[in-house]
Every structure is written in C-alpha cells, then in structure tokens.
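**Student:** I am attaching a structure below and will ask some questions about it afterwards.
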Amino acid sequence: MTNTALVVGASGIIGSNLARELLANNWITYGLARRPSTDVAGLQPVAADLLDVASLETALADLVPTHVFITSWMRNDTEAENIRVNGAMVRNLLAVLGKKGSVQHVALVTGLKHYLGPFEAYVNGGLPPPTPLRESQPRLALDNFYYAQEDEVYAAAARDGFMWSIHRPHTIIGKAVGNLMNLGTTLAVYASICKETGRPFRWPGSQAQWDGLSDVTDARVIAKQLVWAATTEAARNEAYNIVNGDIFRWSWLWGRLAEWFGVEPVGFDGTMHPLEVEMAGDADLWRDIATRHGLAEPDLSRLASPWHTDLDLGRPIEVMTDMANSRQRGFAVYQRTEDSFFDLFAQLHEDRLIP
C-alpha cells in the first residue's frame, strides 16, 4: 500500500524537512498551511485554516491520508489562550480526518516545554526538572498547551483506532524563512551583522547555559525520527525525545561558530546581553546589508527571532535530554551538532540569505 502523508505546518523548519524526507522515500505528500509554500519540489500544497472546520472539510475533501504529522502551533498572549487555540487546531483536524477512516498513524511534535513548563515556572522559584530529561517524567502541575494537544491526539486515537507518536525536540536547527523559532538562522544573521559592523560576537545568554551541558535537534534528524516512528511497529504509541545524540557546552561551541564567520567571540562576562536588545535597531542596517550583497530577504524579522533565541540561551538552568526510549527501539540516527550549524550556515549563504 502506498503511504500518503499530510504534513501540517509544512512551511516551517520541521515540516519542510519532513516533507523532503517523505518525498525522498516515495511517499505521496501533502503540505497543509494557511499559506502553503511551494519551496519543496513534489510537495502538494493544501491551503486551510485549522481553526475553521468548514475550511478543513473543503480543503481535505478529496484527500485520504494514511499518516498525519502535526508540526504546527500558534503563539498567543497567554497560556490559557495557547491551550484553547492549539487544542482546537488538533481537535478540528482529527475530527475532519476521522470521518474518512483512512488514518493509520498520527505524529505530534511538541517540545521540551513538556518538562520545563513556561519560562516563569523555573525563573520564579520553581524547582528545575532533573537532567537529562526523560519521557517517563510526570506532567507538571501547570497549564501547558502541549498537554492539551497530546490529549486531543489520545482522544481521537481512542475514537478512530489509529496509532500515534509524540516527539519532543530541543531547539531546532534548520532552514526556514518566516519562522517564529529559529535559533540557528538568528545566530547566523547576528554573526553576519557583527562581521559587517565590527561588533563583537557576544554571548547573549545566561551563565547556566554558557557553562552547562546542552543539546539541540537538527531538523533533518527529527524528520527521520518522525518517519521511523510512523513505520515501525515497536515505535508506536510512545513519546520520544529527539536530539542529535551528542552533548556540548556553549562555552565551547560559541568560538566554533564565531570562527566560521570570521568574527571575534566574547563569552559570558557576568551580564546577559539579550539579542532582542542587541538587534533592536538593526532592521535598516540589515536592509542595507541585503542591498549591498544582493541577498534574497531584506526583512530582518523574516530571518531572525531574537526573542525566542533569548528564551533558549537565557535559561537559568542546564537543559539536556535522554534518548534511550527511541534508541532501545532501534532509532540510531546521530548528527554532530557543530555540523548542524555549519551545514545551515552554508545553506543560508548558498541561498543568498546571509552574505
């Protein structure tokens, strides 16, 4: 039987890399988004609003997917609103697809907020979770839209009889333009600005992140895990952490990133220097850099997401994850983290997104 995939959020970092992985493995692949991208050759675009059931019913009328991959979420002002909106998005989609009876597997991508909770949870006196983070750790007694999304998947699976998997990446490293959470490209743009202006490539975050152990998730690695979990009997109905498989300290990696760009690295100096402040006035500068170098994207906000990078690098705790759950079931993909960054930087340069 031919596998037919519906990738929800196919324009994002994870969704676009997943679409490429599926197409490389000869899946019929549809990409759903409010404004679908046509950047991935062979991906069949589907335009729909996950908050509008009528829109979904119209867009999916002729589709009978066997596998659904949910890689999208919508940012809101409060966690209560995150829960309401993102829970409804999953519920609406699976309700419309449930009528078809074709779905065999649903994969949901969430993240390490499952273990950490909102930023305020550990900044304001909350006890940090033990590291490395493991899938067996219980849910926090806090509002969390990831839990709402998971619960919608579980309820639909009980109703419609499909298998499921939950995937919890750390910071995603990969290419996407217009993405709200893009640490790799944000650092590439920041380093490019530093090189153009002679500014130091200064560490923006906390001492805990500078000195502590960390890991990240290459978008190509989570794409492979998503396909593996959807096609491996022993992998179904489980939650999985997903990172590259190595660990590092930013105090080591920062200099390696600076070397790639030929800029002077400056480590933690006792004070945090958030990128949201450091890059606040750089929109016109970037437009000038883009003009001089013939870059494809002159809008800084389409490439850099300093606010999210600050949340990751400003954590006052060490964050790293355990991969035993998927390793024991046969997922053996490994990616060296510095190469995740270097591959991304090279691709951004080739695509004329950085000088």
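The values are calculated or read from the model by the stated rules, or taken from the named source; none is laboratory data. Nothing here was measured: the structure is a model prediction, and the numbers come from that model. Here the Cβ is made from the backbone with ideal geometry for all residues, glycine too, and neighbour counts use every protein chain on show. Keep in mind that these areas ignore ligands, DNA and RNA; they rest on the heavy atoms of the full protein, side chains included. Shrake-Rupley method; radii C 1.70, N 1.55, O 1.52, S 1.80 Å.
**Student:** Please find, within the range 31-79, the residue that is least open to solvent (accessible area, probe 1.4 Å) out of those that are over 13 Å from Val8 (Cβ atoms) and of a type in the set (Lys, Arg).
**Tutor:** Arg75
**Student:** Tally time: how many residues in the range 304-331 are within 19 Å of Asn179 (Cβ to Cβ) and in contact with a Ser or Thr (Cβ under 8 Å, 6 or more places away or on another chain)?
**Tutor:** Final tally of qualifying residues: 7.
To keep it simple, each residue is scored yes or no on (1) modelled with pLDDT of 95 or more; (2) not hydroxyl-bearing (Ser, Thr, Tyr).
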site	(1), (2)
Thr2	no, no
Val8	yes, yes
Leu18	yes, yes
Leu22	yes, yes
Tyr30	yes, no
Arg34	no, yes
Asp39	no, yes
Val46	yes, yes
Leu51	yes, yes
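**Student:** Moving on. State yes or no: is Ala296 open to solvent by 50 Å² or more (accessible area, probe 1.4 Å), under 22 Å from Gly12 (Cβ atoms), in a loop (DSSP other than H, G, I, E, B) and of a type in the set (Gly, Ala, Ser)?
**Tutor:** Details: open to solvent by 50 Å² or more (accessible area, probe 1.4 Å): yes; under 22 Å from Gly12 (Cβ atoms): yes; in a loop (DSSP other than H, G, I, E, B): yes; of a type in the set (Gly, Ala, Ser): yes.
Considered against the rule, which asks whether it is open to solvent by 50 Å² or more (accessible area, probe 1.4 Å), under 22 Å from Gly12 (Cβ atoms), in a loop (DSSP other than H, G, I, E, B) and of a type in the set (Gly, Ala, Ser), Ala296 comes out as yes.
**Student:** Can you pull out the residues in the range 234-264 that are small (Gly, Ala, Ser) and either open to solvent by less than 60 Å² (accessible area, probe 1.4 Å) or modelled with pLDDT under 95 (or both)?
**Tutor:** Taking the range 234-264 as the starting set, the residues that turn out to be small (Gly, Ala, Ser) are 234-235, 239, 245, 251, 255, 258, 262.
If the condition is that a residue be small (Gly, Ala, Ser) and either open to solvent by less than 60 Å² (accessible area, probe 1.4 Å) or modelled with pLDDT under 95 (or both), then Ala235, Ala239, Gly245, Ser251, Gly255, Ala258, Gly262 are the ones that fit.
**Student:** Give me a count of the residues in the range 147-188 that are modelled with pLDDT of 95 or more, on the phi < 0 side of the Ramachandran plot and open to solvent by 30 Å² or more (accessible area, probe 1.4 Å).
**Tutor:** Matching residues across the range 147-188 total 9.
**Student:** I'd like to know if the range 186-196 contains one or more residues that are under 14 Å from the mean Cα position of the chain (by Cα) and either of a type in the set (D, E, K, R) or farther than 23 Å from Leu285 by Cβ (or both).
**Tutor:** Start the filter on the range 186-196 by keeping residues that are under 14 Å from the mean Cα position of the chain (by Cα), which leaves 186.
From what is left, the residues that are either of a type in the set (D, E, K, R) or farther than 23 Å from Leu285 by Cβ (or both) are none.
No; the residues of the range 186-196 include none that is under 14 Å from the mean Cα position of the chain (by Cα) and either of a type in the set (D, E, K, R) or farther than 23 Å from Leu285 by Cβ (or both).
**Student:** Out of the strands (runs of 3 or more DSSP E) lying entirely within the range 1-98, which hold 3 or more residues that are within 24 Å of Tyr147 (Cα to Cα)?
**Tutor:** Working: elements: 4-8, 28-33, 44-47, 67-70.
The qualifying strands (runs of 3 or more DSSP E) are 4-8, 67-70.
**Student:** For Asn82, only one of the following conditions fails: (1) open to solvent by less than 20 Å² (accessible area, probe 1.4 Å); (2) touching a Leu at 6+ places or on another chain (Cβ under 9 Å). What is its number?
**Tutor:** Single failed check for Asn82: (2).
**Student:** Check off (1) among the hydrophobic types (A, V, I, L, M, F, W, C); (2) part of a helix (DSSP H, G or I); (3) out of contact with any helix residue (DSSP H, G or I) (no Cβ under 6 Å at 6 or more places or on another chain) for Trp210 and give me the number that stays unchecked.
**Tutor:** That leaves (3) as the condition not met.
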